[in-house]
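Participant: Would you mind keeping the following structure in view while I ask a few things?
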Amino acid sequence: MAYKIGVIGGDGIGPEVIDEALKVVRAAGVDLDTVALDLGGQRYLRTGDVLPDADLDQMRALDAMLLGAVGTPDVPPGVLERGLLLKMRFELDLYINLRPFTDASRGLDFVVVRENTEGSYAGEGGFLRKGTPHEVATQGSVNTRMGVERCVRFAFDLARSRPRKHLTLVHKTNVLTFAGDLWQRTFNEVAASYPEVTTAYNHVDAACIYFVQDPGRYDVIVTDNLFGDILTDLGAAVAGGIGLAASANLNPARTGPSMFEPVHGSAPDIAGTGQANPLAAIRSAAMMLEFLGEADAAVRITKACQEAVDVSGTTSQLGDHVAERV
């Protein structure tokens, strides 16, 4: 069976690392029918398009998508972030952002489940008297019971499937007394259906300290969109670096394709030099295969990536190294 996979190479090092990810997936024996999607900063600069409806319609017919990276210094901030990345999350209902962190040398193995379509990134807010001395800017946080509960249930299901069976809610309930209250009440109510899962709560500032001082305490973490965005970058730093950080933007209901991407950005300063580390993209591809049901190939690729962490070489040489071992 050939999976129909949308490929967004994007900008900077994105196409380079995605080429290596596809090389490894094929070496693992998985048949892909790839569909190139021309999206990102270069497309915007060339045509003025960010994410036309025709491209969205094409995405909806796919089994999954791989994204390398988007962004170029010539594109104003917010154009691609809101018009492409967030629009895909909202339109395709990619409501779970999943980021695993492992470092065998330190005994780390934890996962962050981030709500991906609500919170501060929902776009609620605006300007009043913009550009004047009396300017006002508001940015609201949107939290629905449906959105919070489906994220929390996903996290409990994940925790139940793991050996430690432990789930930590991270928020700021002592100050964010409305959104935090909704998250805490939902978490407590859902927990009653998962008696085998032990639970904990951390304020987000305390979690930042624990990530640095004692990250081994965590198994699965569930948190909101903004806190999850910050925590997962910190998690990457403590678990080997951003160059190893893989992620998934999931539609668990499978009403549309899920999207898988490294989180290191487009790094235009090293594009074309062969210095880009492809392991995060390759690990993201492994997450895609696991989601598609190709568990054996996903395990082999993930193991080969772990064994390649200390290997040096160019982008393509690292890709070849992993491909040879799957």
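Derivation of every value follows stated rules applied to the coordinates shown; laboratory data play no part. Just so you know, these numbers come straight off a predicted model, no measurement behind them. All Cβ positions, even for glycine, are placed from backbone atoms using ideal geometry, and neighbour counts span all protein chains on display.
Participant: Once you list every other residue whose beta carbon is under 11 Å from the beta carbon of ASN225, what net charge do they have if Lys and Arg are +1 and Asp and Glu are -1?
Facilitator: On the way: positive: ARG89, ARG114; negative: GLU115, GLU118, ASP224, ASP229.
Residues near ASN225 contribute -2 overall.
Participant: Could you give the size of the charge dipole of region 95-250 about its Cα centre, using +1 on the Cβ of each K and R and -1 on the Cβ of each D and E, expressed in debye and rounded to the nearest 20?
Facilitator: Details: 15 positive and 17 negative charges, 28 e Å.
Roughly 140 debye for region 95-250.
Participant: I'd like the FRET efficiency for ASP38 and GLN275, computed as 1/(1 + (r/R0)^6) with the beta carbon distance as r and R0 of 35 Å, rounded to 0.05. Kindly include the intermediate steps, with their values, before the conclusion.
Facilitator: Numbers: r = 25 Å, r/R0 = 0.71.
Calculated value: 0.90.
Participant: If you don't mind, another one. Taking every DSSP beta bridge with both residues inside region 95-250, roughly what % is antiparallel (nearest 5)?
Facilitator: Numbers: 16 of 30 bridges.
In region 95-250, approximately 55 percent of DSSP beta bridges are antiparallel ones.
Participant: In straight Cα distance, which lysines are under 28 Å from LYS23, not counting same-chain residues fewer than 8 positions off?
Facilitator: Those lysines meeting the cut-off are LYS4, LYS303.
Participant: Could you work out how much longer the chain between GLN213 and ALA61 gets when fully extended? Use 0.36 nm per residue separation minus the Cα distance between them, nm to one decimal.
Facilitator: On the way: separation 152, 0.36 × 152 = 54.72 nm, distance 4.46 nm.
Length gained between GLN213 and ALA61: 50.3 nm.
Participant: Can you list the trypsin sites (Lys or Arg not before Pro) in region 242-326 that are in a DSSP coil and have 16 or fewer other beta carbons within 10 angstrom?
Facilitator: Numbers: sites: ARG254, ARG283, ARG300, LYS303, ARG325; in loops: ARG254, ARG325.
Passing both the DSSP loop test and the Cβ count: ARG254, ARG325.
Participant: Note down the magnitude of the dipole of the chain about its Cα centre, charges +1 on Lys and Arg C-beta and -1 on Asp and Glu C-beta and zero elsewhere, to the nearest 20 debye. Walk me through the intermediate numbers first.
Facilitator: On the way: 29 positive and 42 negative charges, 136 e Å.
For this selection, approximately 660 debye.
Participant: Using Rg and Dmax of the Cα atoms in Å as the read-out, say which of [x] 27.1, 80; [y] 22.2, 73; [z] 19.7, 62 was calculated from these coordinates.
Facilitator: The value computed from this structure is option [z].
Participant: What does the net charge come to around ASP31 if you take all other residues with beta carbon closer than 12 Å to its beta carbon, with K and R at +1 and D and E at -1?
Facilitator: Details: positive: LYS4, ARG26; negative: ASP33, ASP63, GLU294.
Residues close to ASP31 contribute a combined charge of -1.
Participant: Still on this structure: Each label point is 7 Å from the Cα along the Cα-to-Cβ direction; what then is the distance between the points at LEU45 and GLU81, in nm?
Facilitator: 1.9 nm
Participant: All other residues with a Cβ under 10 Å from the Cβ of PHE291 taken together, and with Lys, Arg as +1 and Asp, Glu as -1, what is their net charge?
Facilitator: On the way: positive: ARG254; negative: ASP63, GLU290, GLU294.
Value of the local net charge: -2.
Participant: Looking at the chain as a GNM with Cα springs under 10 Å, which of PHE101, PHE90, PHE187 has the largest mean-square fluctuation?
Facilitator: Evaluated over the chain, the most mobile residue of the options is PHE90.
Participant: Quick check for me: using +1 on Lys/Arg Cβ and -1 on Asp/Glu Cβ, what's the dipole size of region 189-285 about its Cα centre, in debye to the nearest 20? Before the final figure, lay out the partial values.
Facilitator: Working: 3 positive and 10 negative charges, 65 e Å.
Dipole of region 189-285, to the nearest 20 debye: 320 debye.
Participant: Further, regarding this structure: Between VAL238 and GLU135, what FRET efficiency follows from the Cβ-Cβ distance if R0 is 56 Å, with the result rounded to 0.05?
Facilitator: Values: r = 38 Å, r/R0 = 0.68.
The pair VAL238/GLU135 has a calculated efficiency of 0.90.
Participant: Excluding residues fewer than 8 places away in the same chain, name every one of the lysines whose C-alpha is closer than 28 Å to that of LYS130.
Facilitator: Partners found: LYS87.
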